[in-house]
Amino acid sequence: MSVAAPVLGLFLMLRRMSLTADVLGHGILPGVAAGFLLAGLSLPAMAAGGLVAGLAVAVGAGALSRATGGREDASLAALYLVALAAGVAMVSWRGGAVELTSLLFGSVLGVDDAALLLMAGSASVTLGVMALAWRPLVLECFDPGFAQAVGARGAWWHMGFLALVVLNLIAAFQALGTLMAVGLMMLPAIAARHWARGVGGMAYAAVGIAAASAYAGLLLSFHADVPSGPAVVLAAGLCWLVSTLCGPVDGLLGRLVRRPHLAG
Amino acid sequence: MRPAEIRLTDVTVSHARRPAVHHVSGRFAPGSLTAVVGPNGAGKSTLLRALAGLHRPDAGRIEGAAGQVALLPQAAALDRGFPVSCLDAVLFGLWREAGAFRAIGAAGRGRALAALAAVGLDGFAGRPVGSLSAGQFQRVLFARLLLQDAPVILLDEPFNALDARTAADLLAMVHRWHGEGRTVVAVLHDLDLVRREFPDTLLLARDCLGWGATGEVLTAANRLRARMMAEAWSAEPEACERRDAA
C-alpha cells in the first residue's frame, strides 16, 4: 500500500487537491457501512460498497459544482460532511463502538488473506496505470489549457486518476481505517516536497517515507496497543515534521543558516 | 506544411448568450500574417479560442482550422509552480506526435534543445520553470510552439509585459514562421507595432469593423467606432434576429 498510495498523493498535492483525498476517504464510508449492514464484516461487500460510494462522490462533486456553478471545494465539503454523518449513523445502527472504531481507524488484526490480496492487487494496478499515465497526468497538472488545446483529454485522465485514489482508499481501509487511509496517501507526498525538486524525485522520496512510516507505525501499533491507522499516520506525520524542519528543499532549518548569495 | 485557408462564415461566439464575437465573416489566407486589434472586451481572445476549437460558435461556421492550429493563450492557465524542467515543458509541444505513451527519444529531445536555443534559452534545459522570469517563461512557451510545428499559429497578446529585447526576439520568431509559409494571427494592442510589422489587420469590436490591409483598416474613424461599440452594453438585450447573407 505504501508503495502505490503516495504516488497518487503526490499528484493530489500538486493539483492543490490535498483535501480531495480526505473527502473521498469520508465518501467511501457510507458505502462501506452499507456493505456492513447487508453482510456484516465481509470484505467483498464492504469493498464493493465503498467503491461505489467513493466513485459516486468523486464524479458527483465535480458534476454538481459544474452544474450549479458553485465552487468545487464547497460541494466537496458538503458531500463529505453528509457522507461521514451518514456512515457513522449507519454503522452505529447495527454495530457497536468496536465495529465503528475498526472501520474508521483500522485494525491490522482484522486483515486476512483476502484483504492482503486486495491491497497487493490494487497497489500493482495503481503503479502500472501511473507508469502509463504519467505524461498526461503531469501535463494535465502543469497546463490544463494546453492539454485541452492539443486534445489530450485531460478530464478522462483525471477521472481515471480519481478512480485509482478511491481504489487505494478501499484497499487500505481494513488495515488503516477509512479516515486514516488518507494519511498514508497524503503525508508522505507532502513531506517529499522537501526532499526533491522534480516530480520523479518526489515520487521516490514519497514512497520511501511511506514504507518507513508504515513499518514503524505497525511496530508501534503492535507493541503499544494503538489502532494501526493512527499509529501509521502518526509515524508519517513525524516524517513530515522532520522533513519540514530539515529537508534540503525549503526546509525551515535551512532558512536559519545564512549562506552568502551566489555571484550570478 | 502548407496551411489551408481558414474561412469564417457568419460566426457568433457568446458567453452565457452575450455575444463576444458577433456575425463575423472573412478569411485568413494561407501564409498570411494578421494582427487582431480592438478594445478590451472586443472578443479578440474569444475569436482565437474559437479558431483553436476551444469554444464552440453559437452560429456560423469556421472551416479549415481544425487540427492544424497551435494557440498561445494570453495568460496561460498553467501552474508555474509545478516542478517540471524547461526541457520537459517544451517537450509537451510534441504531444500531437507522441501522445500519451509513445517514446520521445533522442531526436525529440534534440529538437526541444534546439528550440530552447532558438528562443535564446541555451543551457536552460534543466532549470525548473518556476525559477524563470516572465520574459524567460514566454520564451519557453514560444519554444513549445516551435515544437508543435503547426501550420497555423495563434498568439494572444504575445508581447505583453516583455522588455524590448525579449519582444524583439519573439517578433523575429513570428517573422520566421511567416517566412516559412505558416498562417500567423496575433492579438495586439500596440498599433505602431501592427502598422510596422503586420501586413493584414482584423479590427474587432464584437462585430468585425474592418478586415484587410493594415493601412486601410486602422483609420481613425474605424478606431473610434470600435471604442463606441465595445463600450455599448444593454442591460436587457433582445434576442438577435440578424441573419447576414454569407
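Summary table
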quantity: Residue that is farthest from A:Leu176 (Cα to Cα), among those in segment A:100-145 that are among the aromatic types (Phe, Trp, Tyr) and within 14 Å of chain B (Cβ to nearest Cβ); calculated: A:Phe142
quantity: Filter result (under 17 Å from the mean Cα position of the chain (by Cα) and among the aromatic types (Phe, Trp, Tyr)) within segment B:199-233; calculated: B:Trp211
quantity: Yes/no for A:Gly151 being part of a helix (DSSP H, G or I) and either over 10 Å from the mean Cα position of the chain (by Cα) or without any contact (Cβ under 8 Å) to a residue 60 or more places away in the chain (or both); calculated: no
quantity: Yes/no for B:Ser25 being within 11 Å of the chain's Cα centre (by Cα) and either in a strand (DSSP E or B) or within 14 Å of another protein chain (Cβ to nearest Cβ) (or both); calculated: no
quantity: Lone unmet requirement of (1) assigned to a helix (DSSP H, G or I); (2) closer than 30 Å to A:Ala48 by Cβ for A:Gly201; calculated: (2)
quantity: Among the candidates B:Gly93, B:Gly64, residue that is more than 8 Å from every other protein chain (Cβ to nearest Cβ) and at positive phi; calculated: B:Gly64
quantity: B:Asp192 more than 17 Å from the chain's Cα centre (by Cα) and either at pLDDT 85 or above or among the aromatic types (Phe, Trp, Tyr) (or both); calculated: yes
quantity: Answer residue from segment B:35-54, given it is of a type outside the set (A, V, I, L, M) and within 14 Å of chain A (Cβ to nearest Cβ) and is surrounded by the fewest Cβ atoms within 10 Å (Cβ to Cβ) among those; calculated: B:Gly53
quantity: Condition met for A:Ala123 (out of contact with any Asp or Glu (no Cβ under 7 Å at 6 or more places or on another chain) and modelled with pLDDT of 80 or more); calculated: yes
quantity: Odd one out for A:Gln174 among (1) of a type outside the set (Asp, Glu); (2) assigned to a helix (DSSP H, G or I); (3) more than 20 Å from A:Leu116 (Cα to Cα); calculated: (3)
quantity: Hits in segment A:209-264 (condition: touching a Lys or Arg at 6+ places or on another chain (Cβ under 7 Å) and of a type in the set (Ser, Thr, Tyr)); calculated: none
quantity: Segment B:55-72 - residue that is part of a strand (DSSP E or B) and of a type in the set (A, V, I, L, M, F, W, C) and, of those, surrounded by the most Cβ atoms within 10 Å (Cβ to Cβ); calculated: B:Leu71
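The values are calculated or read from the model by the stated rules, or taken from the named source; none is laboratory data. Not measured: the values here are computed from a predicted model. Reconstructed Cβ throughout: ideal geometry from the backbone, glycine too, with neighbour counts over all protein chains shown.
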